[in-house]
Amino acid sequence: MPDRSAICAALLAGALVAMPVRAGAGWEAAERIETYAVEGATGLELYRSIGRNGPRIGPTRAIAYTTFDLKWSRDYREANGNCRLDSVKPWLTVIYKLPEAPPNLPAETAARWQRFIAGIRAHERVHGDIIVEMVKKIEVFSSGLSADNDPGCRKVRAILQKRLGELSNEQRQKSRDFDREELGNGGNVHRLVLELVNGG
């Protein structure tokens, strides 16, 4: 049976569905699912394989994680020495990394795995939603941002960068708080791991 520290080391992150996610006015978040192979014929063997092969997050390995690629189209307008960020559009791809079990698992193990991976996908989806929420907040803050006496739009860019840092930190903290709840004793991911390993 895996101990709590091993489970908590498996930091998770976001969700999965290979279709665009409706996000803001005039744009959608794309999604990309990447997988890594795990081996075994029992729940315990599969979990141990996750521990050996899962993606590295810092010094530990994770069961799954969510990250993103974000680019922006921004239209800065200067007039009479003033600056206005007239329009913004994000280009967001949410990227999920998940374990993939071998085909032809024994029936009981396959049923356990399906419950496990469905729960991990749901967990990751929340992380993905947190990312989309961050991008929406950036979009709302950016649109129409202006400063007087701002040749070269230096003031507007500085204000924007400061807010981007704040919203990025907020997104990371929300994800950490969510993981802490899900990975702790009795949490949803903790339960999923125990059910996979022990068939509880």
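The values are calculated or read from the model by the stated rules, or taken from the named source; none is laboratory data. Since we're looking at a predicted model, the values are computed, not measured. Cβ placement follows ideal geometry from the backbone for every residue including glycine, while neighbour counts extend to all protein chains displayed.
Scoring Y47 on the criteria (1) at pLDDT below 90; (2) part of a helix (DSSP H, G or I) leaves a single failure, condition (1). Just checking, does region 145-165 include any residue being within 25 Å of Y65 (Cβ to Cβ), modelled with pLDDT of 95 or more and not aromatic (F, W, Y)? Yes, region 145-165 contains at least one residue that is within 25 Å of Y65 (Cβ to Cβ), modelled with pLDDT of 95 or more and not aromatic (F, W, Y). Of all residues in region 145-152, one or more are out of contact with any Lys or Arg (no Cβ under 8 Å at 6 or more places or on another chain) and in a helix (DSSP H, G or I). Scanning region 64-81 for residues that are of a type in the set (S, T, N, Q) and in contact with a Phe, Trp or Tyr (Cβ under 8 Å, 6 or more places away or on another chain), we see that the one that is nearest to S143 (Cα to Cα) is S73.
Taking the criterion of being among the aromatic types (F, W, Y) and either outside any helix (DSSP H, G or I) or crowded, with 20+ Cβ neighbours inside 10 Å (or both), the only residue of region 114-144 that qualifies is F116.
For region 1-44, name all the residues that are modelled with pLDDT of 90 or more and among the acidic types (D, E). Scanning region 1-44 gives E28, E31, E34, E39. Filtering region 166-190 to residues that are touching a residue at least 40 places away in the same chain (Cβ under 8 Å) and closer than 17 Å to T66 by Cα leaves Q171, K174, S175, F178, D179, E182, L183, V189. The numbered conditions (1) under 24 Å from R176 (Cα atoms); (2) of a type outside the set (S, T, Y); (3) more than 13 Å from the chain's Cα centre (by Cα); (4) surrounded by fewer than 16 Cβ atoms within 10 Å (Cβ to Cβ) are all true for E34 except (3). Being in a strand (DSSP E or B) and surrounded by 13 or more Cβ atoms within 10 Å (Cβ to Cβ) is a description that applies to K97.
On the given criteria, is R61 modelled with pLDDT under 95 and closer than 14 Å to V132 by Cα? Considered against the rule, which asks whether it is modelled with pLDDT under 95 and closer than 14 Å to V132 by Cα, R61 comes out as no. Only residues that are over 15 Å from P90 (Cα atoms) and crowded, with 17+ Cβ neighbours inside 10 Å were counted across region 148-166, and they come to 6.
Scanning region 83-133 for residues that are without any contact (Cβ under 8 Å) to a residue 60 or more places away in the chain, within 18 Å of A37 (Cα to Cα) and touching a helix residue (DSSP H, G or I) at 6+ places or on another chain (Cβ under 8 Å) yields nothing.
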